[in-house]
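Read-outs: derived from the displayed coordinates by stated rules, not from any lab. Only a predicted model underlies this, so the values are computations on that prediction, with no experimental measurement involved. Counting neighbours? That spans all protein chains shown, and the Cβs are built from the backbone with ideal geometry, glycine included.
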Amino acid sequence: MYEPSPQNAFIKFCERVGRTTVSGVEEIGHGGVLIGESFYWLIYGPRVKQPVRLGAIFQQMMEVGIHAMPIIALLVASIGAMLAIQGIHTLRIFGAESRVTIGIAFSVVREFAPLIIGIVIAGRSGSALAARIGTMKINQEIDALKVMGVNPVRFLVVPSLIAMVIMVPMLTIFGDIVGLVAAGLYVNADLGISMAAFFHDVVDILTIDDIMHGLTKSFLFAILIAVIGVVNGAGVEGGADGVGKATTRSVVQAISAIVMTDMVFAFVATR
Amino acid sequence: MNKHANNVIEVEDLVTHYGDREILKGVTLDVHDGEIMVIMGGSGSGKSTLLRHLMALETKTSGTMRILGQDIDNLTQRDFFDLRKKIGVAFQGGALFSSMTVGENVMLPLYEHTDLDQMTMEIMIRMKLEVVELGGFEDLKPSELSGGMIKRAAFARAIVMDPKILFCDEPSAGLDPVVASALDDLILLLRDAMQMSIVVVTHELESAFKIADRITVLDKGHILMVGTVDEVKNSTNERVYNLLNRVPEDENMDMDEYLQRLTGVEVKEETIL
């Protein structure tokens, strides 16, 4: 009876590792090309009478930004209140609970608002983008665009990319406000510090650098979410099963990329 | 330069691979101006791949292709873009954009490539939808249409820019005989009324014989023959005869090769009990 030899199994393992590595590098390269191509169409498109349509950008901005506001408000408010609860609990040990505002302000603006919003948008809009492009690919809609002389990157990718790059930082500002208000309400209820006093402290503590720190991160997250969504959607093979896998992959990769970028950014920005 | 002044498509010695697999093995083909050329063949014969090459959606290994007199290897991006506007494609599944209405789907090429005002575009799409007998359906979404209506809407979108060449991928596939016959009539109408050159890929014999001016028979990446309907029907070529009469292919497969394909390893005598 035929049995595979250990050498064959090892060679197959090496082949699999090699193939996965090459495909990973290919995907990163594909993402880079996509960003370059997006800039090309943004700048060069109007000259060849193929401008990026404002209507498509606004439509995506509504989808990515406005429709996501309720869930983001809920999550960021919970995070703000949670930070206040934990902060007061910890500082009470030292009798310094009135200083809780410092921790809340820095944590919400520099860390939690951009991170939570990045994760929500990756799960909500990044996955939707991967699914949409994947479905269009298997239904030959991408081919249809090409044969009509409509560049798919200009038509599909650039509006989503621009919408994300505008709306994720905007949502971060929104998240900063909601998170701080929720934290302020808890602090008011627990410590009796008025909202006016709370926000007076917040304004005193935070600098433009702190706000820009959060916004720059959210800008990077937006690019990562859009590019990962598009690369996974464009790589769909097969039918509905392929779309499902690409969608899941897109969410996992985007969240991983966001968390790792956050860590690297925090390290670099605090040097 | 064109071999014949009235050729709209000239393909010479086209070879293409998917990975290591050779799909088209030196295909040479001409399509004349104003004719309906049907490309026929069994599954895996390479007819869909050939069509994708004609639509410039695939990269070939070697060979030359001239579409409307232009060598597609030597086109600038702008020329290539202009050439695209002279070609219409009706995909097998319609490939309508599900987020848009039928009217928006048909209007898209006009919106992208012309400076026409909204009202003119709306009049034009209504006219095209009337041609394909879908007048009044412009506000419906593709999900609200039947299979035959989706194909008609795809035809409307394909012809909205009045292309010189129309490519149709399996237009009658999955349709009942009455609807399929109506689509065949539509293809004939487009040739006669709009003077289009039409390339149709199909494996439906009845449909092919009804609409074709000439038929190209493909088999395993080779062209078996090119001829009129009568020439193909009366062909003495055994493989053409088998295809037309639905005779199953006689496979004389080597047992070692079969086992090697199953196990993925080279099969020697001692590996088999």
The local net charge around A:L34, scoring Lys/Arg +1 and Asp/Glu -1 for residues other than A:L34 whose Cβ lies under 14 Å from its Cβ, equals -2
Stokes-Einstein D for chain B (25 °C, 0.890 mPa s, Kirkwood Rh from Cα pairs), in µm²/s, comes to 121
Distribution output for segment A:48-91: share of Cα-Cα pairs per 10 Å bin in percent, first bin at 0, values 23, 26, 21, 16, 10, 4, 1
For chain A, the Cα convex hull volume per residue in Å³ comes to 202
Counting sequence-distant residues (5 or more places) and residues on other chains, those with an amide H built under 5 Å from that of A:V52 are none
Straight-line reach check, B:K164, cutoff 19 Å on alpha carbons, 8 or more apart in-chain or any other chain, hits among lysines -> A:K146, B:K3, B:K85, B:K86, B:K128
log10 I(q)/I(0) for segment A:19-123, Debye formula on C-alpha points only (no solvent), q = 0.11, 0.17, 0.24 Å⁻¹, two decimals, reads -0.64, -0.93, -1.16
Dividing the helical contributions, -39500 (n - 2.57) per DSSP H run of n ≥ 4, by the residues of chain A yields a 222 nm value, nearest 500 deg cm²/dmol, of -26500 deg cm²/dmol
For chain A, longest principal axis from Cα atoms; helix A:54-64 axis from its Cα atoms; angle between them, nearest 10 degrees, is 60
The answer for B:M225, listing residues at least 5 apart or on another chain whose modeled amide H is closer than 5 Å to its amide H, is B:V217
Taking Cα atoms only, helix A:69-92 is inclined relative to the longest principal axis of chain A by an angle, in degrees rounded to 10, of 50
Taking the dipole of segment A:124-185 about the Cα centre (Lys, Arg +1; Asp, Glu -1; charges at Cβ), the one of A:Q140, A:L161, A:A128 that reaches farthest to the positive side is A:Q140
Which of B:F155, B:F167, B:F80 fluctuates most in a GNM of chain B (C-alpha springs under 10 Å)? That residue is B:F80
For segment B:65-75, Karplus-derived ³J(HN,Hα) couplings (6.51, -1.76, 1.60; θ = phi - 60°; whole Hz; x for glycine and proline) come out as 9, 10, 10, 6, x, 10, 6, 6, 6, 10, 9
Amide H neighbours of B:A212 at under 5 Å, excluding residues fewer than 5 places away on the same chain, with H built from the backbone geometry, are none
Ordering B:11-20, A:155-164 by per-residue average of other C-beta atoms within 10 angstrom, highest first, gives A:155-164, B:11-20
Quick calc: nm separation of the 7 Å Cα→Cβ label points for A:E37 and B:Q260 -> 3.9
Computed D for the protein assembly as shown, Stokes-Einstein, Kirkwood radius over alpha-carbon pairs, 4 °C, 1.567 mPa s, to the nearest µm² per second, is 47
Applied in sequence order to segment A:184-196, the curve 6.51 cos²θ - 1.76 cosθ + 1.60 (Karplus, θ = phi - 60°) yields integer Hz couplings, x standing for Gly and Pro, of x, 5, 5, 4, 4, 5, 7, 9, x, 7, 5, 4, 4
Once the in-chain neighbours fewer than 8 apart are removed, the lysines whose Cα is under 26 Å from B:K220 read B:K25, B:K47, B:K60, B:K210, B:K233
For segment B:215-225, in residue order, the Karplus 3J(HN,Hα) values (coefficients 6.51, -1.76, 1.60; θ = phi - 60°; whole Hz; Gly and Pro = x) are 10, 10, 9, 9, 8, 6, x, 10, 8, 7, 6
Farthest towards the positive end of the dipole of chain A, among A:V181, A:V22, A:P152 and with Cβ unit charges of +1 on Lys and Arg and -1 on Asp and Glu, lies the Cα of A:P152
Working note, segment A:68-126: Cα radius of gyration (Å, one decimal) and Dmax (Å, whole number) are 13.3, 44
Per GNM of chain A with C-alpha springs under 10 angstrom, the most fluctuating residue out of A:G31, A:G229, A:G87 is A:G87
For the protein assembly as shown, the dipole about the Cα centre with charges only on Cβ (Lys and Arg +1, Asp and Glu -1), to the nearest 20 debye, works out at 1420
